[in-house]
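The structure under discussion appears below in the form of C-alpha cells.
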Amino acid sequence: MPEFKIALKNCGKIKPFSIESYINHQGYLALKKTLQMTPLEIIKEIKRSKLRGRGGAAFPTGLKWEAVAQEKYVPKYIICNADEGEPGTFKDRVILSQDPHKIIEAMTIAAFSVGAQIGFIYLRLEYPEIFYILERAIIQAKNKNYLGKNILNTGFSFDIQLKSGAGAYICGEETALIKSVEGKRAEPVPKPPYPTTCGLFGRPTLINNVETLANIPAIILNGSTWFSEIGTKESKGTKVFSVSGDIKKPQAIEVPMGTALKELLELCAGVEGSIKAIQVGGPSGKLFNCLEGDGLNLSLSYETYLGAGAVIVFNTKRNLIEMTRSFLEFFTEESCGKCVPCREGIPQLLHIIKKILSFKANREDLNKLEKMCKLIKITSLCGLGKTAPGSILDTLKEFPEEYSIYF
Ligand code: SF4
C-alpha cells in the first residue's frame with residue numbers, strides 16, 4: 001500500500017515561512033468555507049468523518065467538539081497539544097515545522113465551531129525552533145485577517161498564543177497540560193470533570209493533538225464521506241507514524257489506517273538486519289513479536305494498537321531487557337511523584353531489571369517483578385504509571401527466553 005498524505009500533504013512542498021505558499025496550496029480555503037456554515041453543520045461534518053484523536057487516546061473528535069459547543073459557560077478555550085514527549089515520536093514536529101499554517105487554520109475552524117475566542121499551542125520545550133516558526137506564522141495570519149479580530153469581516157474573533165511546556169513528559173497529559181498553561185505545577189488530576197466541561201481556568205476547553213487538527217482542513221474541503229472511506233471500520237483516514245530504530249530510512253510517514261506493519265517497513269526501505277520485535281506506541285505502547293506468528297502482518301489501526309504512532313524497530317542483535325531498562329529509566333525520570341505506586345514502584349522495577357542484567361537476580365525476583373508490574377498498572381493515577389510496566393509484561397510474555405539466560 002503506498003503512502004497516502006493528508007496531514008503531511010504540504011510537508012516538503014510548501015515554504016513554511018511563507019503564508020502565500022500555503023495559500024497557493026489551498027490554504028485557508030477550508031476556513032473560508034466553514035465561515036459560511038453554521039457551527040452545528042461543521043460539527044456534524046467532523047462527526048460524520050469519524051475522525052478520532054491522533055494523540056493516543058483515540059476519542060472521537062466530533063464528539064469532543066460537540067461537548068464543548070454545548071457548554072454554556074464562557075470564555076471557552078482551545079489548546080493544541082504539541083507536547084510531543086514520547087521517545088521515538090517526532091511526527092508533530094514535522095507537521096508544525098513544515099506546515100504551521102495548517103494548524104492555525106484548523107484551530108480557527110475549531111474555535112468558530114465551539115465558540116472559543118482564545119487558543120493556545122502548547123509546545124514541547126525541546127522544540128524552540130518551532131516556537132519561532134509558529135510565532136511568525138501567527139503574525140502572517142493576523143496580517144491577512146485569517147486570525148485576530150473580525151476574521152474575514154464575519155464578526156468572529158479568535159487569537160492564538162504560544163505556550164512552551166516545562167520539558168516534562170507528563171505535560172502531554174490533558175489535565176497536567178492545563179495546569180502547566182495556568183502556570184501551575186504540571187500534575188494530573190482525576191477525571192471527571194473532563195476538560196470539555198471544566199478545563200483551563202475552570203472553563204470548557206477543547207484539547208486536540210497536532211495531527212488530529214492537521215486532518216481538519218482536508219475533511220472540510222473534500223467532505224466527510226471522502227475521509228470516512230479511507231481506512232478500516234473503526235479507524236478512518238490515515239495515520240502518521242514516526243518510524244525509528246533498526247530501520248534503513250527512519251522517517252515520519254503517513255499511510256491509510258489498516259496498513260500492514262510489513263508494508264510500512266518496506267516504505268521505510270526495510271529493516272537493518274533481521275527483525276526481532278516492534279514497539280508500537282513508544283515506551284508506553286505495546287511490543288509485538290516479529291520472530292514468530294504473524295507480527296509483521298499486524299494491521300496498524302485502533303482495532304489493534306496505535307498509541308501516538310511511534311514505531312521502534314528492534315533487530316535480532318538487540319537485547320529487549322536492555323530496552324525495558326532504558327524505558328524504565330525514562331519513566332523514573334518523568335514520574336511527577338504525585339502517587340506512590342508510580343513514584344516508588346517504577347524505581348523498584350528498574351532496580352530488579354538492573355539486578356537481572358547483572359546476573360544477580362533469582363526466580364523470586366522475577367515473580368516479584370511481575371506482581372509489582374500488575375499492581376503499579378492498576379493503582380497508578382495516570383497513564384504514565386499505568387503504562388510504564390507494559391514493556392516488562394510484554395517481554396515476559398513474548399520473549400521469556402531473554403530472561404532465562406540470566407538465571
Ligand atoms: Fe504522577 Fe506517576 Fe502518579 Fe501519573 S502515575 S500522577 S506521573 S506519580
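Just a few scattered comments:
- For the stretch 197-206, the count of residues that are hydroxyl-bearing (Ser, Thr, Tyr), touching a strand residue (DSSP E or B) at 6+ places or on another chain (Cβ under 7 Å) and more than 16 Å from the ligand (Cβ to nearest atom) is at least one.
- Answer from Ala69, Ala110, Ala58 - the residue that is of a type in the set (A, V, I, L, M), more than 19 Å from Thr238 (Cα to Cα) and either without any contact (Cβ under 8 Å) to a residue 40 or more places away in the chain or surrounded by fewer than 24 Cβ atoms within 10 Å (Cβ to Cβ) (or both): Ala69
- Residue that is surrounded by the most Cβ atoms within 10 Å (Cβ to Cβ) [pool: residues in the stretch 342-356 that are of a type outside the set (A, V, I, L, M, F, W, C) and more than 8 Å from the ligand (Cβ to nearest atom)]: Gly345
- Selection status of Glu292, surrounded by 19 or more Cβ atoms within 10 Å (Cβ to Cβ), of a type outside the set (A, V, I, L, M) and out of contact with any Gly (no Cβ under 7 Å at 6 or more places or on another chain): no
- Odd one out for Trp226 among (1) within 19 Å of Lys50 (Cβ to Cβ); (2) under 19 Å from the mean Cα position of the chain (by Cα); (3) not in a strand (DSSP E or B): (2)
- Of all residues in the stretch 190-203, those that are more than 16 Å from Cys80 (Cα to Cα) have Cβ atoms under 7 Å from Cβ atoms of residues that are surrounded by 12 or more Cβ atoms within 10 Å (Cβ to Cβ) and hydrophobic (A, V, I, L, M, F, W, C), 6 or more apart or on another chain, in Pro190/Leu381.
- Selected residue [more than 20 Å from the chain's Cα centre (by Cα), β-branched (Val, Ile, Thr) and buried (at least 22 other Cβ atoms within 10 Å of the Cβ)] from Ile103, Ile43, Ile78, Ile23: Ile43
- Enumeration of residues in the stretch 247-275 that are surrounded by 22 or more Cβ atoms within 10 Å (Cβ to Cβ) and among the charged types (D, E, K, R): Glu254
- Contacts under 7 angstrom Cβ, first residue in the stretch 380-395 being in contact (Cβ under 8 Å) with a residue 12 or more places away in the chain and closer than 13 Å to Ile346 by Cβ, partner of a type in the set (Ser, Thr, Tyr) and more than 13 Å from the ligand (Cβ to nearest atom), 6 or more apart: Ser391/Thr324; Ile392/Thr324
- When the stretch 157-176 is filtered for residues that are away from the ligand (no atom under 13 Å from the Cβ) and either among the β-branched types (Val, Ile, Thr) or modelled with pLDDT of 90 or more (or both), the ones remaining, listed by number, are Ser157, Phe158, Asp159, Ile160, Gln161, Leu162, Lys163.
- Meeting the requirement of 2 or more residues that are among the β-branched types (Val, Ile, Thr), the helices (runs of 4 or more DSSP H) wholly within the stretch 347-407 are 363-379, 390-398.
- Which listed residue is surrounded by fewer than 16 Cβ atoms within 10 Å (Cβ to Cβ), among the basic types (Lys, Arg) and closer than 26 Å to Phe112 by Cβ, from Lys163, Lys149, Lys191: Lys149
- If the condition is being in a helix (DSSP H, G or I) and either surrounded by fewer than 21 Cβ atoms within 10 Å (Cβ to Cβ) or basic (Lys, Arg) (or both), then the stretch 123-137 contributes Pro128, Glu129, Phe131, Tyr132, Ile133, Glu135, Arg136.
- Unique match (being surrounded by 17 or more Cβ atoms within 10 Å (Cβ to Cβ) and modelled with pLDDT of 95 or more) among Gln140, Gln117: Gln140
- The stretch 34-50 residues that are hydroxyl-bearing (Ser, Thr, Tyr), paired with ones that are assigned to a loop (DSSP other than H, G, I, E, B) (beta carbon under 9 Å, 6 or more apart): Ser49/Asn215; Ser49/Gly223; Ser49/Gly237
Residue-wise test of (1) within 16 Å of the ligand (Cβ to nearest atom); (2) modelled with pLDDT of 95 or more.
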{"position": "Leu369", "(1), (2)": "no, yes"}
{"position": "Lys374", "(1), (2)": "yes, yes"}
{"position": "Thr379", "(1), (2)": "yes, yes"}
{"position": "Gly390", "(1), (2)": "yes, yes"}
{"position": "Tyr406", "(1), (2)": "no, no"}
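- Pick from the stretch 321-341, criterion surrounded by fewer than 19 Cβ atoms within 10 Å (Cβ to Cβ) and among the small types (Gly, Ala, Ser), ranking: nearest to the ligand (Cβ to nearest atom): Gly337
The values are calculated or read from the model by the stated rules, or taken from the named source; none is laboratory data. All values derive from a computational prediction rather than experimental measurement. Because the Cβ atoms are built from the backbone with ideal geometry, glycine has one as well, and the counts that use them run over all protein chains shown.
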